Amino acid sequence: MTPASTASSAKTAPDIAALAAGIRAGERASLARGITLIESKRADHREAAQRLLQKLLPDTGKAVRVGITGVPGVGKSTTIDALGLSLIEQGHKVAVLAVDPSSTRTGGSILGDKTRMAQLSAHDHAFIRPSPSSGTLGGVAAKTRETMLLCEAAGYDIVLVETVGIGQSETTVADMTDFFLALMLPGAGDELQGIKKGLIELADMIAINKADGDNIKRAKAAAADYRAALHILTPRSPTWTPPVVTYSALTGDGIAALWQNVVTHRQRMTASGELAAQRRAQQVKWMWAMLEERLFARLRHDPAIRTRLKDAEAAVAAGTLTPTLAVDQIVALLER
């Protein structure tokens, strides 16, 4: 390596100790630089990002982590704006993150709806960050988890993780948060028939938005329908039965009661030891998810394996090689 290239490398190498100190001090610029480092695909940046996370690990884990999902048009952005401002008024610092498997196409809901969170995004005690466009849900989730840790180290004591996708993204967000909130619209009726059982099973609380004006009666009827649906299912925790509440993000009515349920849930789960157990299980799940992602990355990028994969695919499609034998051959290549 030439002296010029050495100097250039040293110049671009991040000062991890200084960056960690800035994040601990709550400096927004340091937090933004740290997240950019985490999102980088450069190998040296990836290694530096892991050193940064390891250094900050003792400062993480104290925040309340809440996952939020909702049907289209339910008012997630308006709800997050109202809830975030309410929490800041109580003395909290709030970070809002997004998990979006379609972010490579749409840019993510938070990018499009940031104007609807104009008050929260302008507040000094709030931090809003959309998920990076990595093209895979696993990749987005990994970056969101690590971003969450940096936000916690920076002093944000409440982290709201919004899922703007559907299906697997809801499970992913539930697996990285302490409390999973499902937002619904009034007039459940026919909608209830199409609601996925999986989503209801994941929810720690169902909240019916737009319970204002002429909608109040419909919201109460929807709440009764959801309570009936929840009675059929076995709760995820023996110490918590998911409540169904109504609120209005527009007027702010019911927002305080909604958050009080999150606080009560945390108190009960902490007392029973379930919160600590849940977080330990999430860490192990995260490790396995990362391992699978690394192995698949190797399959995609190793030239020899990639060539063999194409040959195996062609042979399996032609019926001259069984899928099981093809997998055995690829695994043998990995083992070498």
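The values are calculated or read from the model by the stated rules, or taken from the named source; none is laboratory data. Everything numeric in this text was worked out from a predicted model, so none of it was measured. Every residue, glycine among them, receives a Cβ derived from its backbone with ideal geometry; neighbour counts consider all protein chains shown. All accessible areas refer to the heavy atoms of the entire protein, side chains included, with ligands and DNA or RNA removed. Shrake-Rupley method; radii C 1.70, N 1.55, O 1.52, S 1.80 Å.
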TODO: May I ask you to list pairs of residues, at least six apart or on different chains, whose Cβ atoms are under 8 Å apart, with the first in region 225-239 being in a helix (DSSP H, G or I) and the second being exposed (fewer than 15 other Cβ atoms within 10 Å of the Cβ)?
DONE: ASP225/GLY189; LEU230/THR241
Task: Breaking point among (1) crowded, with 17+ Cβ neighbours inside 10 Å; (2) at pLDDT below 95; (3) not in a helix (DSSP H, G or I), for SER77 - done: (3)
- [ ] Working carefully through the options TRP259, TRP288, find the one that is assigned to a helix (DSSP H, G or I), aromatic (Phe, Trp, Tyr) and open to solvent by less than 50 Å² (accessible area, probe 1.4 Å).
- [x] TRP259
TODO: Check ARG280 against each of (1) more than 23 Å from the chain's Cα centre (by Cα); (2) under 24 Å from THR144 (Cα atoms); (3) among the basic types (Lys, Arg) and name the one condition it does not meet.
DONE: (1)
Task: LEU295 vs. criteria modelled with pLDDT under 95 and closer than 30 Å to LYS210 by Cβ - done: no
- [ ] From the list ALA219, ALA203, pick out the single residue that is under 27 Å from THR172 (Cβ atoms) and touching a Leu at 6+ places or on another chain (Cβ under 9 Å).
- [x] ALA203
TODO: For region 223-245, name all the residues that are open to solvent by 30 Å² or more (accessible area, probe 1.4 Å) and more than 25 Å from VAL159 (Cβ to Cβ).
DONE: ALA224, ASP225, ARG227, ALA228, HIS231, ILE232, LEU233, THR234, PRO238
Task: Selected residue (criterion: nearest to the chain's Cα centre (by Cα)) from residues of region 297-309 that are touching a residue at least 24 places away in the same chain (Cβ under 8 Å) and open to solvent by 60 Å² or more (accessible area, probe 1.4 Å) - done: ARG298
- [ ] Return the only residue of ALA317, ALA312 being hydrophobic (A, V, I, L, M, F, W, C), on the phi < 0 side of the Ramachandran plot and open to solvent by 60 Å² or more (accessible area, probe 1.4 Å).
- [x] ALA317
Open item on the list: Would you confirm, using the coordinates I've provided, whether ARG268 is farther than 22 Å from LYS41 by Cβ and among the basic types (Lys, Arg)?
Closed with: yes
- [ ] Please state which one of LEU87, LEU52 is over 21 Å from ALA207 (Cβ atoms), part of a helix (DSSP H, G or I) and in contact (Cβ under 8 Å) with a residue 24 or more places away in the chain.
- [x] LEU52
- [ ] Scan THR79, THR69 and give me the residue that is touching a strand residue (DSSP E or B) at 6+ places or on another chain (Cβ under 8 Å), under 24 Å from ALA122 (Cβ atoms) and of a type in the set (Ser, Thr, Tyr).
- [x] THR79
- [ ] From GLY67, GLY61, grab the single residue that is in contact with a helix residue (DSSP H, G or I) (Cβ under 7 Å, 6 or more places away or on another chain), in contact (Cβ under 8 Å) with a residue 60 or more places away in the chain, in a loop (DSSP other than H, G, I, E, B) and open to solvent by less than 50 Å² (accessible area, probe 1.4 Å).
- [x] GLY61
TODO: For region 320-329, enumerate the residues that are part of a helix (DSSP H, G or I) and surrounded by 14 or more Cβ atoms within 10 Å (Cβ to Cβ).
DONE: ALA326, GLN329
